[in-house]
Structures are given as C-alpha cells and as structure tokens.
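Following: one structure in structure tokens, then a few remarks.
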Amino acid sequence: MRILINIGHPAHVHLFKNMIINLRKKGHMIKIVTRDKDVTLKLLDAYGFDYEVISGYYQTMFGKMYDFIKTDLKLFKIAIKTKPDILIAVGDPYVAHVGKLIKRPSIVFTDTEHAKLANELTFPFVTVICTPSTFKQNLGKKQIIYNGYHELAYLHPNYFKPDPIVLDYLGLSENDKFIIIRLISWKSAHDAYSRGFSQDLKRIIRSLEEYGHVLITSERKLDSLLEKYKMRIPPEKLHSALYYASLYFGEGGTTAVEAALLGTPSVHVEAFKTKSGEVVDATKIHGNFDELANKYGMLYTFVDQNQALNKALEILQDENAKKEMRRKREKLLREKIDVTAFMTDFIENYPESFHMYQRRKKDFDHV
C-alpha cells in the first residue's frame with residue numbers, strides 16, 4: 001500500500017513516527033511531506049526519515065492564505081505523481097482536499113476541539129476523523145473513537161524509554177531537582193482566543209528557583225535576561241528531560257499533557273476566551289485536559305498565573321509528589337490502549353477497520 005503523510009507540526013512527527021516504522025516493516029511505502037515549522041525538520045532528521053518540504057510557516061494572515069493555496073497545489077501535484085492509496089495527517093485540510101480531488105480516502109487524527117478554522121476546512125472533505133474518546137464533539141458518521149491520547153502514541157512504555165544522557169546535556173544528575181517552563185508563540189490560528197503568562201516571568205522564576213534549577217523551552221524569542229535559562233538539548237531529547245524533571249510549568253498544552261503522561265507533576269496556564277466573553281481554563285475546551293485533571297488528577301490547569309504558581313510551589317514542597325504521579329500514571333496506562341498499535345492496525349486494514357470501529361463507537365456513550 002502507498003501512504004502519503006503530511007507533517008504540519010513537530011508534535012506530528014512524534015505522533016506518527018512509530019506508526020511509520022511499523023508500516024514500513026510490514027512492506028508499505030510511505031511518502032512524507034512536511035511543513036518547515038519550528039524543529040520539525042530536525043526531528044525528522046533525528047529519526048532518519050526522508051521527507052519533502054512543501055510549505056513554510058507564515059505569521060501574517062496574508063502569508064497564511066498564500067501558503068494555504070500553494071500547499072494545496074503542491075500536495076496535489078505530489079499525489080498525482082505518487083498515486084497514494086491513503087492520505088494521512090493531523091487535522092489537516094490539505095490531505096482532505098487532495099484526497100477528494102484524486103478520489104482516495106483521507107484520514108485525519110485530531111484532539112483539538114477549538115481548532116475551528118482548520119476543522120471547518122477539513123471535516124467536510126475528509127473521509128475519516130479519528131479522535132480520542134475524550135473529544136468533546138460528536139462528528140457524525142466519519143468519526144472513529146479510540147481510548148487513548150495522541151501523546152500515548154510515542155510516550156507509551158512500549159515505545160518510550162527515558163535517555164539519561166539528557167542530564168549530561170543539562171549538566172545535572174538524577175538527584176537534581178529541576179523545573180521546565182514552556183513558552184509558546186500564540187500565533188497558531190487556534191490560539192487566537194487563548195493567552196498564557198500575563199505578568200513578569202522573572203518573578204515566577206525567582207520563586208521556582210528556590211526549589212531547583214529552572215529551564216525554559218520557548219517558541220518565542222526570550223528576553224536577554226532569560227536567555228541563561230534556555231534549555232539547550234537536541235529536540236528529540238525533550239521528553240527524556242520532562243521525565244526526569246521535578247515539575248512542568250507552562251503555556252504549552254501538548255507539553256503539559258506529555259509531562260503528565262510521563263509521571264511528572266504538570267501545571268498548565270491558559271486563559272481561553274469564549275464567544276460569550278467568558279474566560280475559562282483548558283479543561284472546559286480540551287477533553288484530554290478535562291479527563292487528565294478531573295478523572296486521573298494528573299494535570300492542574302489555571303487561568304490565573306498566580307494561582308498556578310501557588311500550586312507549583314505546593315507541589316515542589318511535597319517530597320512525595322513525583323512518586324504519587326508515577327502511581328497515577330500506572331493506573332492510566334492500565335486503562336488506555338497502545339495508540340500506535342491502534343493507528344497501525346486501522347491504516348493497514350482500512351476500510352474493514354473503519355466499519356469495525358464504527359460499531360464500537362456506541363461503547364462511548366458521551367459521544
């Protein structure tokens with residue numbers, strides 16, 4: 001089978017990497033196309049994947065519109081040449097449009113309920129939409145539901161083993177306490193109504209430094225006074241750093257979920273403004289946040305950064321916090337599936353797999 005996969009974000013590299021390896025081992029041909037965004041190309045290189053860059057990353061609305069048209073056309077030309085049997089991506093209108101044009105099935109994975117523009121441009125044209133069981137929307141007959149999270153496709157113990165060499169990069173040991181702060185750019189379309197830290201970050205760092213080393217990973221340019229905190233590690237080692245950290249504290253939603261699933265206490269700061277003007281935290285928007293926070297007690301999310309900081313300090317003062325998180329992680333892993341195994345099976349056995357999982361959809365009574 002010939003499979004075309006579009007990678008639009010660094011997180012998508014992680015999501016698909018083990019599935020790609022599995023499918024290639026089974027003899028399937030994989031063509032990877034990608035956007036040059038953040039560390040996406042570095043990750044693809046680190047994992048030894050061949051790829052073709054079909055788009056860049058534009059910050060202005062005009063640039064995004066230009067890139068949208070250009071990428072659709074370029075992907076169409078590649079699809080005509082490679083003749084894929086299936087097109088795959090994450091919440092991606094390009095594979096949906098091109099799949100429709102060349103009359104081949106397109107399958108997208110999404111866990112982002114509030115990516116409204118991307119969803120509106122994708123869902124009417126796509127063949128199948130795969131979502132976690134936590135997804136807060138019913139997407140109708142195209143939707144397939146699985147009992148897991150995107151992040152478990154690469155952080156499940158079947159695939160992830162922490163690499164202690166990351167501590168050498170950081171100049172730390174396993175006995176050292178350190179806190180990872182994540183800052184994001186807030187320039188994605190689905191971030192238009194969200195905000196993170198609103199006050200002096202240096203004050204937050206001073207408070208956290210009383211309990212360990214502070215390291216920052218950031219999508220945006222850092223203030224010169226914060227540059228000394230910048231975490232300088234290969235991007236593929238970030239999850240190992242999260243595993244060994246004493247605490248994750250930041251704006252990045254994906255990173256907050258990753259830290260929690262690795263058994264590291266996770267405090268997330270995001271204020272989301274609804275259409276009615278109400279400001280709510282991430283659990284009201286993201287189903288995976290809701291479940292991790294309210295069912296498993298593995299994630300703390302706040303609108304107010306001062307409340308978030310107080311919770312972070314409370315966690316750092318608790319010597320048993322990380323041990324308790326690891327216990328919760330084990331419970332979660334017993335209750336969730338191997339997401340990579342699901343993805344591999346679903347793609348390889350499509351379309352029979354679609355009908356099988358459609359019959360199972362009724363097991364998730366909230367959808």
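The values are calculated or read from the model by the stated rules, or taken from the named source; none is laboratory data. All figures in this text were calculated on a predicted structure; none of them were measured in a lab. In this analysis, Cβ positions are derived from the backbone assuming ideal geometry, glycine residues included, and neighbour counts consider all displayed protein chains. What goes into the accessible areas is simple: the full protein's heavy atoms, side chains included, and nothing from ligands, DNA or RNA. Shrake-Rupley method; radii C 1.70, N 1.55, O 1.52, S 1.80 Å.
Below are the figures for this structure:
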| quantity | calculated |
| --- | --- |
| Matching option when the condition is modelled with pLDDT under 95 and of a type in the set (Ser, Thr, Tyr), among Tyr66, Tyr47 | Tyr66 |
| For Tyr243: the one exception among (1) part of a helix (DSSP H, G or I); (2) in contact with a helix residue (DSSP H, G or I) (Cβ under 8 Å, 6 or more places away or on another chain) | (2) |
| Those residues of segment 167-196 which are within 24 Å of the chain's Cα centre (by Cα), of a type outside the set (A, V, I, L, M) and modelled with pLDDT under 95, in sequence order | Arg182, Ser185, Trp186, Lys187, Ser188, His190, Asp191, Tyr193, Ser194, Arg195, Gly196 |
| Search result, residues across segment 208-239 that are modelled with pLDDT of 95 or more, surrounded by fewer than 17 Cβ atoms within 10 Å (Cβ to Cβ) and over 23 Å from Asp36 (Cβ atoms) | Glu209, Glu210, Gly212 |
| Cross-chain or 6+ apart pairs with Cβ under 7 Å, segment 200-213 first and within 16 Å of Asp318 (Cβ to Cβ), then among the small types (Gly, Ala, Ser) and open to solvent by less than 20 Å² (accessible area, probe 1.4 Å) | Leu208/Ala312 |
| Lone qualifier among Ser266, Ser353 - being crowded, with 18+ Cβ neighbours inside 10 Å and small (Gly, Ala, Ser) | Ser266 |
| Segments classed as strands (runs of 3 or more DSSP E), wholly inside segment 1-81, with at least 1 members that are more than 24 Å from His150 (Cβ to Cβ) and open to solvent by 30 Å² or more (accessible area, probe 1.4 Å) | 2-7, 29-35 |
| Search result, residues across segment 282-314 that are over 21 Å from the mean Cα position of the chain (by Cα) and open to solvent by 20 Å² or more (accessible area, probe 1.4 Å) | Asp304, Asn306, Gln307, Asn310, Lys311, Leu313, Glu314 |
| Single condition Gln143 does not satisfy, out of (1) surrounded by 19 or more Cβ atoms within 10 Å (Cβ to Cβ); (2) at pLDDT below 95; (3) over 15 Å from the mean Cα position of the chain (by Cα) | (2) |
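Every residue, every condition in (1) in contact with a strand residue (DSSP E or B) (Cβ under 7 Å, 6 or more places away or on another chain); (2) surrounded by 19 or more Cβ atoms within 10 Å (Cβ to Cβ); (3) over 13 Å from Met343 (Cβ atoms); (4) among the small types (Gly, Ala, Ser), yes or no:
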site: Arg104; (1), (2), (3), (4): yes, no, yes, no
site: Val108; (1), (2), (3), (4): yes, yes, no, no
site: Val128; (1), (2), (3), (4): yes, yes, no, no
site: Gly148; (1), (2), (3), (4): yes, yes, no, yes
site: Ile165; (1), (2), (3), (4): no, no, yes, no
site: Asp168; (1), (2), (3), (4): no, no, yes, no
